[in-house]
Structures are given as C-alpha cells and as structure tokens.
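In what follows, a structure is listed as structure tokens, so that the remarks can point back to it.
Every number here is computed from the coordinates shown, using simple stated rules; none is lab data. Predicted, not measured: the structure shown is a model, and the values here were computed from it. For neighbour counting, all protein chains shown are included, and Cβ atoms are generated from backbone atoms with ideal geometry for every residue, glycine included.
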Amino acid sequence: MQQYARVITDDPTDKELDYSIPPTWAGKVQIGSRVKVPLRSREILATVVALVDTPSVPNAKNISALISESPVLNYSLLTLARWMANYYCCPVESAVRSLLPEVIRTAKLGFKQERVVSATREISETELGDFQKKAPRQAHVLRAAIEVGVPIRWRELQQNAGTTDRTIQQLVDRGLLRVDLERSERDPYANESFIPSTPMALNPDQKRALDLVVQSVDARDYRPILLHGITGSGKTEIYLQAIDHCLKQGLGALVLVPEISLTPQTVERFKMRFQVDLIAVLHSHLSAGERHDEWHKLNTGKARIAIGARSAVFAPVQRLGLIVIDEEHENSYKQEETPRYHARDLAVVRAQIDRCAILLGSATPSLESYQNARTGKYRLALLTSRVDDRQLPLIRVIDMRQEYLKQKHIPLISGNLANAIEARLTAKEQTILFLNRRGFATSLICSQCGFVCDCPNCSVALTFHQGENRLKCHLCGHASVAPRKCPKCADPSIRYSGYGTEKIEGTVRKLFPSATVARMDADSMTRKDAYRQTLREFRTGKIDILVGTQMIAKGLDFPNVTLVGIINADVGLYMPDFRAGERTFQLLTQVAGRAGRGDMAGEVFVQSSTPFSPSIQFARHHNFEGFFEQEIEVRERCDYPPFIHLLMIHVRSEHQRLAEFTAETLHRRINEQIDAGVTLHAVVPAPIERSKGFYRYQILLRTNAIRRLSNTIRSIIDKLTFPEEVRVAVDVDPYQLL
Ligand code: ADP
Ligand code: ZN
C-alpha cells in the first residue's frame, strides 16, 4: 500500500509536494482527492496527483484533512492540466484551479438536504380508527403519510394533507412518524417540461457527415472532424444524432457552445431529444449550489451529456465518447485572463488524452481550423445547402458614400433599408437590425474647442447613454452624468458624434411609429430574465423590429424574420488587429444567416462606406472559400497565424515609467536567450494605451516552435523579480491585441 500522496497545492508554488497518509485515510486518499496539508505555518488546500512509496523528502508531514473522498480530478483531466500549464506558460496550480469550479475545490457546499417523513412501523386499520377518535387531525395526516407508502417530503405532506408543521411534529414526537434527511438536487430547469423530438431523416450531406463522426466514435479516433455547414444546414441535428449514438454505446458527450448562444433555445433542443436528467448544463449564471450539483451529476456518471460554455471543456463527463464544439470560430472560447487558454484547442488535446472523437462545427470556420482541414490534419465534412433547399438570403450592399452624395450626410438608415422595413411591416414579417456598438453616441465632442469627453481611467472616449443620461466607459465601467455644456470651455454647443444601438432604436421608433421595437444589448438586458422574455415576445410576433448587438447575431432561429439590416459593416473592420477582416466576414455571415430561416426567402441589407472590402464582398456572395483563399494568402505573406504562433507579453502598471522600464528590462533578457528563428518585436504601448487606470505595454514574439518558446519565457519570467506595482502576463496564441 502506498503511503504517501504527492500533491499540487492551491497556492502558486508550482512544486509538487509529498505528504504521508495517516492510517485513518489509508485507501481513501486517491489520485484526484482534495486534501488539506500543512505548509510552513499554514494549512492549505491541495489536489492529490500521485500516490508514491517513497517520498521525495525524508520527513514528510501528515495530510491534515481529507476534503473529498471521491476523486474530483481523474487522470485524463490531470494530464490536461499539465499540458495546459506547459503550453500556456502558466503554473500548474492555476491550471488545476481553472479545471475545478470554486465550489468543488473548496468543498464548502454540499448537496442540499431535505427532510422526508415516513411511518415508523405498520399501523393497522383498527389502530388508526382508535387514534382517529383521540386525535382526528393527527390521524388524518398519519393516514396520508401511510397511503404514500414511501418517504414523502415534509413540505409535500404538509401541503397534501392541508396541515401544519406542528401536527406533523406531534406525530414524530409520538414515535409514529420518523424524519430522515435525503439528498435533493437543485435543478435550474425544474419547472420546465419538454416536448420530445425524434431524430429526423437526414439528407445525403448530413448522412455523410454523421457517418464520419460515428466511425470516429467507434474507432476512438481523435483526429478532429471539421463540419463546415452554412447557416441553417442542419448541423445541430448531426450533433444530436451523433450523441445519441454515443449514449447507445454507453459513452458520454461534451458539447461546447459560445456563452452568447447558450440560450434556452439551444439547450431546449437537447432536452427535447434526450432524457432531461441525462443532461448537465454549465454556464456562468448558475448559483454555486446548482453548479455543485451539475458537476457531481457528471462526475458520478448520472448525467451523460454536458452542455456548456468555455470552461465546460473541463466538465467531468465519464467515458467520454465525443466532444462537439459548436461555432468553433468564436472568439469567446479564448479566456482573456490567466490561464489564457483556448477551449477549442484544449478540447482537441482532451480528445487525444481521452481517445474520443471530436467534431468542430461552423458556418464560418476559423482560418486556423480550415487550414488544418486543408493540410489533412483535420477531416472535413461539408453541408452545402440549407435543409429543404431553402435559399440563402439575398445580400445587398448599400454604398453609404452614395447616400452621402444624395443627402449631404450619412443617414443611419438608408432609403432602401427603410423601404424594405416598411414592406415587412405591411406583410407582418419581422426585421432584425444589427449594430455592434451599444449606447447612443460614441462620443461627446465640443464643437467650439474640440474637447472630447474621455474616460479618466482609459485612453478611450466615453459613450453617451441617453436613457440614463450618462457617459459610460465600455472598458472599465466608469460612469458620470452627461454635461450640458463643454467641461473645458463651457460652451453649450456640445454635440454627439457617432451612434450606437440606443440611437438606432430611437431613430427606428421615429421612422416607424406604428411598429413595436425592442432593443437587445448588454445595457437593456441587465435583468436576468429580460433576455428570455424579449426572445419569447419576438418569437410570438409581439415585436416587429429587433435592434441589437452581437447578442442577436448568433444561433437565433426565427422563421418569420425575412429582413436583416446591418447598420454599419465597417465597425470593427479597421482595427489594428490581423483578425479584423476575418471577424467581419464571420459576423456578417452569421447575422445574415438569421434571415429567411422559414418558408419565406430572406433579404439582407449591408450598409457600408467601404463596400468593396473583401470581407464584405465575399460575405455578400456567401463565398467562404473565396474569403479563405485571399485571407490565407495575406496571413502567409505577413507571417501571421496559422503559419506561425504568436506569443504576447503584457506589462501593466499604474505608473507609466515603471511599466515601460519593466517591459524594456524583460525585452533585453528575452533578447539574450531566445533561439534563432524566434522573432522578437520591440516594446510598444498597447493600441489602447491606458485601460482601467493601468498603462499597458506589449512585447510580441513570433515562432514556429511555440512550446519551446513558452518554456523559455516561463523560465525567464520565473527568474526575474518584478516591482510590486507591475503585472506581467503571458498570452500564448493571443486573440486580444488591443
Ligand atoms: P444549423 O445548426 O446548421 O444552423 P439547424 O440544425 O439549426 O442548422 O437546422 C435548421 C433547421 O432545420 C432546424 O429547424 C432543424 O430542426 C431543421 N432540420 C435539420 N435537419 C433536418 C432534416 N434532415 N430534415 C428536416 N429538417 C431539418
Ligand atoms: Zn474607462
């Protein structure tokens, strides 16, 4: 019997330490158990990663407590944590930390217990009759409890028998009823019911794709399959049938969707197909208790399917047979704080470790994944038509420069778009208007002195929100009352420039006074239920025009929407970011895909002042291949991913000099140690130089050997001591370049 446990503590030490297992817990401490151990003068939480015969130190101390007996991390998740620490240049402890939800790591919260009541013994009808004469009310309750035959919840008995706590308690005191505690699970969907759906007959493309996935599941083949299917081509139906196959083989499945599309609508489709209690849903709005229960349902194997956003890539699905990544191109799979992992990339690694199939689905695959399919690293499955051969929407690009020539200003809604909306209102069809910018105006500018209201903490202009009459910073959340006159020269002619969804909503209301208009963005959807409610009203046709940000860009499937207007396609296109074109193409395609999903054809208007940019033109012609060809060529020429890997180091501090100085020091040290073949760029201020009160500097590196570089950077950073007021963060394969 091995008597020592090797642990990784929750503290950032990054060393594995050995502790001896006291006899009481012999055989109970396992790999993956959570324990408490003494370290220096403190007791800290730790995870057991191995059991060993001989400790690495002579006098190993005792483990002081066993937090959870059943293991919380299995071998494959531990392996994933190590891989992650190594690749993403972060301490193992921080990787383990992100693997386990807080509530599981600390084990502070257990299952919810509920009181159940049952009779203590057989009670004959005669005895009950006698009792009836003495205490009629108690007898009534006792009879009710006996009739149920099994333990009944205290609350339920009270309601069923129309009685009080006191009467039940009296029966308990008499020894006729007993009370036990029973584990009860918190079910976030407890009050919903689902109409069962059955598998649909697949079209030939779908059939081919499903066959490929099924083969991989059966062969435990972890080579990723990229499912490139245009919007509305029936990708979800393939996921459902592939998962069904897994369940029949006794295997589990993991489905990742972007947080933004983890809508009730998506989850519903799974709950309609599979037994509801086989599914665990993991998202950021769960209470700690709900998260605890969903996690355990998976860990015990009671639930077989996990559906969740980014961090669900670590869900403890047992006997994993298939991982599905829906909308694999989505940037929200990238975590923007340490450890800065990409859930899709980790999922590919997890599939290797677990030897399971993995399916990446998208209408607009990322350049990285599509290139992998091109080179044969991934397999490719294609869905080239919409189900029932519904047409893709007709996309019209409106040149806003022409509008300017006609009207001497650029209108928010062009004449063509306005006419199209009018026609939909008459036909009782619905419209979606999309703008990826919230608020009323993007800035407040004084027309006398040119003063712009900037955020005091960030180097960006404040956005004007009319409803609240406030200026807000979308980076740090700073908010202040909007001034009536210029804060600098006191001139009252301060005016708004730029526009956001709030302004569009107002304009649309004015243009179409009889229409019902709703807005959906981070500002209007702060109430927990607002999102569901607005979607419900839109579905039932109570809303004619829905205005929104990217919150409405994805996954929504409303058959009565026949018109989509993209107010300004140029937002986001001219950012200093090599992915700007790709993001714009993806967004336009996704938004356009909301139109014409029912029996009626859809139409899309794209308003732009640069109508000939490739992102817009290829999106207009639904030409992913064309877009890919031209974009991949640019990436290759300019040495960008997927041809090389990037590594970004962020240095920030509230003191500008200190941040810059630290970055320069680090830069010198790196320059001395990196291999030939790595390109090290000069220290530069971030495009948004100041954010949340921090001055920010960046060091960018390019390489073909990312693991090697990641290790080198790690060891350089570990050896340096930085001033306390400076933070240094490493981002491997960065997505956020601003
Ligand atoms: P995607 O995920 O590719 O955008 P969906 O899976 O949402 O597409 O499918 C669009 C619609 O087509 C859904 O309403 C779905 O139920 C339906 N659908 C999918 N496959 C079939 C099929 N083989 N036959 C009929 N309808 C289908
Ligand atoms: Zn700010």
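Quick one: Karplus J couplings for the range 221-233, per residue in order, coefficients 6.51, -1.76, 1.60, θ = phi - 60°, nearest Hz, x for Gly and Pro?
9, 8, 5, x, 10, 9, 9, 9, x, 4, 4, x, 8
Compute the helix-to-body angle for 264-273: its Cα long axis versus the longest principal axis of the chain, expressed 0 to 90° and rounded to tens.
50 degrees
Please give, to one decimal in nm, the separation of the simple spin-label points placed at Asn416 and Arg657, each 7 Å out from Cα toward the Cβ.
In this crude spin-label approximation the distance works out to 5.7 nm.
What number in nm² do you get for the range 57-98 if you take the convex hull of its Cα atoms and divide its surface by four?
Values: hull surface 17.0 nm².
With the hull built on Cα positions only, its mean projection is 4.3 nm².
Cα axis of helix 288-299 to longest principal axis of the chain: angle in degrees, 0 to 90, nearest 10?
So the helix axis and the longest Cα principal axis differ by about 80 degrees.
Pull out the extension gain between Thr665 and Leu247, defined as 0.36 nm times the separation in residues minus the alpha carbon to alpha carbon distance; nm, one decimal. Let's see the in-between values first.
Values: separation 418, 0.36 × 418 = 150.48 nm, distance 5.52 nm.
Gain on extension, Thr665 to Leu247, equals 145.0 nm.
For Lys61, list the lysines whose Cα falls under 26 Å from its own Cα; do not include residues on the same chain fewer than 8 positions away.
Partners found: Lys15, Lys28, Lys36, Lys108.
At a Förster radius of 60 Å, what calculated FRET efficiency corresponds to the Cβ-Cβ distance of Thr426 and Lys61, to the nearest 0.05?
On the way: r = 79 Å, r/R0 = 1.32.
For R0 = 60 Å, the calculated efficiency reads 0.15.
Given points 7 Å out from each Cα along the Cα-Cβ axis, report the Asp454 to Lys15 separation in nanometres with one decimal.
About 4.7 nm, to one decimal.
If I take R0 = 41 Å and measure r between the Cβ atoms of Arg374 and Arg319 in this structure, what FRET efficiency does the formula 1/(1 + (r/R0)^6) give, to the nearest 0.05? Each step should come with its number before you reach the end.
Details: r = 33 Å, r/R0 = 0.80.
Here the calculated transfer efficiency is 0.80.
Kindly provide the helix-only [θ] at 222 nm of the chain, computed as the sum of -39,500 (n - 2.57) over DSSP H runs of four or more divided by all residues, to the nearest 500 deg cm²/dmol? Please list the in-between numbers first.
Details: 22 runs with 245 residues, N = 738.
Calculated at 222 nm, the ellipticity per residue is -10000 deg cm²/dmol.
Once you put a point 7 Å from the Cα of Arg220 and another 7 Å from the Cα of Ala26, both along the Cβ direction, what distance in nm separates them?
3.4 nm
For a quick check: with amide H placed at 1.01 Å from N, whose amide H comes under 5 Å from Ile566's, ignoring anything fewer than 5 positions away on the same chain?
Close amide H contacts, sequence-distant or interchain: Phe434, Phe605, Val606, Gln607.
Over the alpha carbons of the chain, what is the largest minus smallest coordinate on each principal axis, giving the biggest first in Å?
For the chain, the Cα extents along the three principal axes come out at 97, 72, 64 Å.
How large is ³J(HN,Hα) for each residue in the range 88-101, as worked out from phi by the Karplus curve 6.51 cos²θ - 1.76 cosθ + 1.60 (θ = phi - 60°), to whole Hz, x for Gly and Pro?
For the range 88-101, the Karplus curve yields 8, 6, 10, x, 4, 4, 6, 5, 4, 4, 6, 6, 10, x Hz.
Between Met200 and Lys302, take the C-beta separation as r, use R0 = 30 Å, and let me know the FRET efficiency to the nearest 0.05.
Working: r = 28 Å, r/R0 = 0.94.
In this case the efficiency is close to 0.60.
Using 0.36 nm per residue, how much length does the chain from Glu636 to Asp491 gain when fully extended, once their Cα-Cα distance is taken away? Present the calculation step by step, with values, prior to reporting the outcome.
Working: separation 145, 0.36 × 145 = 52.20 nm, distance 5.18 nm.
Full extension of this stretch gives 47.0 nm more.
Principal axis lengths of the range 594-738 from Cα atoms, whole Å, largest first?
Sorted from largest, the Cα extents of the range 594-738 read 64, 36, 27 Å.
Output the direction-averaged projected area (hull surface divided by four) of the convex hull of the alpha-carbon atoms of the range 487-581, in nm². Can you show the working numbers first?
On the way: hull surface 38.6 nm².
Spelled out: convex hull of the Cα atoms, projected over all directions, averaged, 9.7 nm².
Peptides 730-738, 122-130: what's the order by average Cβ count within 10 Å, highest mean first?
Values: 730-738: 18.9, 122-130: 10.3.
Final packing ranking: 730-738, 122-130.
Relative to the longest principal axis of the C-alpha atoms of the chain, give the angle of the C-alpha long axis of helix 343-354, reported between 0 and 90° and rounded to the nearest 10°.
Computed tilt is about 40 degrees.
Please go through the residue pairs Lys235/Lys271; Lys334/Lys692; Lys235/Lys542; Lys235/Lys428; Lys235/Lys302 and name each one whose alpha carbons sit more than 19 Å apart in this structure. Each step should come with its number before you reach the end.
Details: Lys235/Lys271 17 Å; Lys334/Lys692 21 Å; Lys235/Lys542 29 Å; Lys235/Lys428 29 Å; Lys235/Lys302 27 Å.
Beyond 19 Å: Lys334/Lys692; Lys235/Lys542; Lys235/Lys428; Lys235/Lys302.
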